[in-house]
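Undergrad: I am attaching a structure below and will ask some questions about it afterwards.
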Amino acid sequence: MTRQEVYLDYNATTPLAPEVLDAMMPYLRERYGNPSSIHSLGRPSREAVDASRGEVAAFLNASPREIVFTAGGTEADNLAILGFLAGLEAGGDERRHLVTSPTEHHAVLYPMQRLAKTGYDVSYVDVDEAGRVSPESLEKVLRHDTALVSVMYANNETGVIAPIPELARLAHDAGARFHTDAVQACGKIPVDVEKLGVDLLSLSGHKFYGPKGTGALYVRRGVPFKSIFRGGGQERSRRPGTENVPGIVGLARATRLASSTLERESRRLRDLRDGLEASILRGIDGSHVNGLGSERTPNTVSFRFDGVDGERLMKTLDRDGFAVSTGAACSSGSVEPSHVLLALGLGPEQVQGSIRVSLGRYTEQPHVGALKDAILRAVSSVRAGVGSAMGAGAS
Ligand code: PLP
């Protein structure tokens, strides 16, 4: 087997789907006009952006005016929180209490931490041992001055899904607005802003076979919002800057692809994932699944092995041709134990003993079977101390 023959890190990123690349090509080549130009080269670009907005809106069951294109999930998350608060402040609203969960992506956590230093009061809801935010735990921290609640739909490391409709309802009952980071949900489970009842929602193209550096923010009609960027009037001044036309076209094509394959793919991936999980849990003493027992995205499993260093295990698997990840892929290279797994109540050693496997479009049964065998081998060699030598040489 050659290096990286089997890619099982789809939560980190996905390959661009050929259909998506085909849709983008004309806008990378001959249709390069600026959508703001009113001459004949600008018009096709404007039409493409408008049509794409309609497609992304349909994907979320939103209306086109509620979609703001961004340069990815991180920007959408930042813009959701900061743009909403800017809008609130512009309207003279003085509420300064924010709520989030400790298992959020840093794209939500870091803006929240910054806001806590600049006059906002930030509360963190408790999560259970699966990392789930319960309606009861949210109820405990909501206040009359809560302005915004931000809880992710699906967690990037464990795949654990939050009960967003119930959480959003509670936030609304308290007079607050609700944002969800749906970056790891889109393309894996249905995402319908009406059923979810959210006010703001972030997504990222490269997590579901679209181009990197593309994303969108849904802003429900009537929700206070003011851009944090200053510039041209693009995106109705909510996100100024010349539109990434090929990226937007690719993002829209990816949403269409996701809609047409979601049901079939989620069944297929769930079967593969469940089979892998069962054989690892059966075959390896001291193996666990983080977040087991709660509703999870069908493609994700976070394994934990007693007495095994996850990074060594990951490197051993990498040498054998399998790409999986330890902790959060977005902060890979960092030796800090994952804040998500720590929030589940795991000790640093247990967190270090975890690896994430995330399946996707090109994952087939033989890949999963081969990964299972490789994990069985790698765990015993790492436990026997052989893996440490191999791991050290593999970086
Ligand atoms: N939110 C979640 C849950 C993610 O998993 C990620 C990326 O891993 C992001 C936000 C950031 O998205 P992007 O890479 O498009 O900036």
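The values are calculated or read from the model by the stated rules, or taken from the named source; none is laboratory data. For clarity, every value in this text was computed on a predicted model and none was experimentally measured. Using ideal geometry, Cβ is built from the backbone for each residue, glycine included, and neighbour counts are taken over all protein chains shown. In case anyone asks, the SASA skips ligands and DNA or RNA and just uses the protein heavy atoms, side chains included. Shrake-Rupley method; radii C 1.70, N 1.55, O 1.52, S 1.80 Å.
Undergrad: At a Förster radius of 35 Å, what calculated FRET efficiency corresponds to the Cβ-Cβ distance of residue 373 and residue 34, to the nearest 0.05?
TA: The value I calculate is 0.10.
Undergrad: Next up: What accessible area per residue comes out for the stretch 68-120, rounded to a whole number of Å², with a 1.4 Å probe?
TA: 36 Å²
Undergrad: Express in % the proportion of alpha carbon pairs of the stretch 91-214 at distances exceeding 24 Å.
TA: Above the 24 Å cut-off, the stretch 91-214 has 24 percent of its Cα pairs.
Undergrad: Around residue 51, with a cut-off of 13 angstrom between Cβ atoms, what is the net charge of the other residues, counting Lys and Arg +1 and Asp and Glu -1?
TA: After counting each charged neighbour, the total is +2.
Undergrad: Then there's this: Compute, for the stretch 231-377, the length of the dipole vector about the Cα centre, with Cβ point charges of +1 (Lys, Arg) and -1 (Asp, Glu) only. Units Debye, rounded to 20.
TA: The dipole magnitude comes to about 580 debye.
Undergrad: Taking the Cα centre of the chain as origin, work out the dipole magnitude from +1 charges on Lys and Arg Cβ and -1 charges on Asp and Glu Cβ, in debye rounded to 20.
TA: With Lys and Arg at +1 and Asp and Glu at -1, about 920 debye.
Undergrad: Could you check which residue among 159, 175, 83 shows the biggest mean-square fluctuation in a GNM of the chain with a 10 Å Cα cutoff?
TA: In the Gaussian network model the winner is 175.
Undergrad: So, one more: Accessible area per residue of the stretch 1-51 at 1.4 Å probe, in Å²?
TA: 59 Å²
Undergrad: While we're looking at this one, here's another question. I want to check the label-to-label distance for residue 126 and residue 292. Put each point 7 Å from Cα in the C-beta direction and report it in nm to one decimal.
TA: 2.4 nm
Undergrad: Of the heavy-atom accessible surface of the chain (probe 1.4 angstrom), what whole percent is carbon and sulfur?
TA: 51 percent
Undergrad: Residue 118 accessible area, nearest 10 Å², 1.4 Å probe?
TA: In the full protein context, residue 118 sits at about 70 Å².
Undergrad: While we're looking at this one, here's another question. Apply the Karplus parameterisation 6.51 cos²θ - 1.76 cosθ + 1.60, with θ equal to phi minus 60°, to every residue of the stretch 231-246 and state each ³J(HN,Hα) to the nearest whole Hz, in sequence, with x for glycine and proline.
TA: Computed from phi, the couplings for the stretch 231-246 are x, x, x, 4, 6, 6, 6, 7, 8, x, x, 3, 5, 7, 4, x Hz.
Undergrad: Calculate, for the stretch 187-323, the solvent-accessible area per residue in square angstrom, rolling a 1.4 angstrom probe over the heavy atoms of the protein chains.
TA: 39 Å²
Undergrad: Considering only the other residues whose Cβ falls under 12 Å of the Cβ of residue 348, what net charge follows from Lys and Arg at +1 and Asp and Glu at -1?
TA: Here the count lands on -3.
Undergrad: Among 338, 381, 354, which one shows the highest mean-square fluctuation when the chain is modelled as a Gaussian network with alpha-carbon springs under 10 Å?
TA: Maximum fluctuation in the GNM of the chain, among the listed residues, is at 381.
Undergrad: Add +1 for every Lys or Arg and -1 for every Asp or Glu among the other residues with Cβ under 15 Å from the Cβ of residue 107, and state the total.
TA: Charge balance near residue 107 sits at -2.
Undergrad: When the Karplus curve 6.51 cos²θ - 1.76 cosθ + 1.60 is applied with θ = phi - 60°, which whole-Hz ³J(HN,Hα) does each residue of the stretch 307-318 get, with x for Gly and Pro?
TA: x, 10, 8, x, 5, 5, 4, 4, 5, 5, 5, 4
Undergrad: Given only helices, namely DSSP H runs of n ≥ 4 each adding -39500 (n - 2.57), what is the per-residue ellipticity at 222 nm of the chain, to the nearest 500 deg cm²/dmol?
TA: -13500 deg cm²/dmol
Undergrad: At residue 364 and residue 106, where each label point lies 7 Å from the Cα along Cα→Cβ, what is the point-to-point distance in nanometres?
TA: 3.7 nm
Undergrad: I would also like to ask the following. Just how much of residue 181 is accessible, in Å², when a 1.4 Å probe is used and the result is rounded to the nearest 10?
TA: 10 Å²
Undergrad: Right, another one. As a quick test, which of the pairs 212/315; 117/315; 195/372; 140/212 have an alpha carbon distance above 29 angstrom in this structure?
TA: The pairs that break the limit, which is 29 Å between Cα atoms, are 117/315; 195/372; 140/212.
Undergrad: What does the extension gain come out to for residue 143 and residue 21, with contour length at 0.36 nm per residue minus their alpha carbon separation?
TA: Gain on extension, residue 143 to residue 21, equals 39.2 nm.
Undergrad: Let me ask you something else. Under a 10 Å cutoff between Cα atoms, tell me which one of 71, 176, 370 has the largest fluctuation in the Gaussian network model of the chain.
TA: The residue that fluctuates most here is 370.
Undergrad: Moving on. Within 10 Å of each candidate Cβ there may be at most 10 other Cβ atoms; applying that plus a DSSP loop requirement, which GluC sites (Glu not before Pro) in the stretch 1-90 survive?
TA: Counting only loop positions with at most 10 other Cβ atoms within 10 Å, the GluC sites (Glu not before Pro) in the stretch 1-90 are 30.
Undergrad: Here's something else I'd like to know. What is the mean projected area of the alpha carbon convex hull for the stretch 83-143, to one decimal in square nanometres?
TA: That works out to 4.6 nm², a quarter of the Cα hull's surface.
Undergrad: Quick one: pull the percentage of alpha-carbon pairs in the chain with a separation above 40 Å.
TA: Tail fraction, whole percent: 18.
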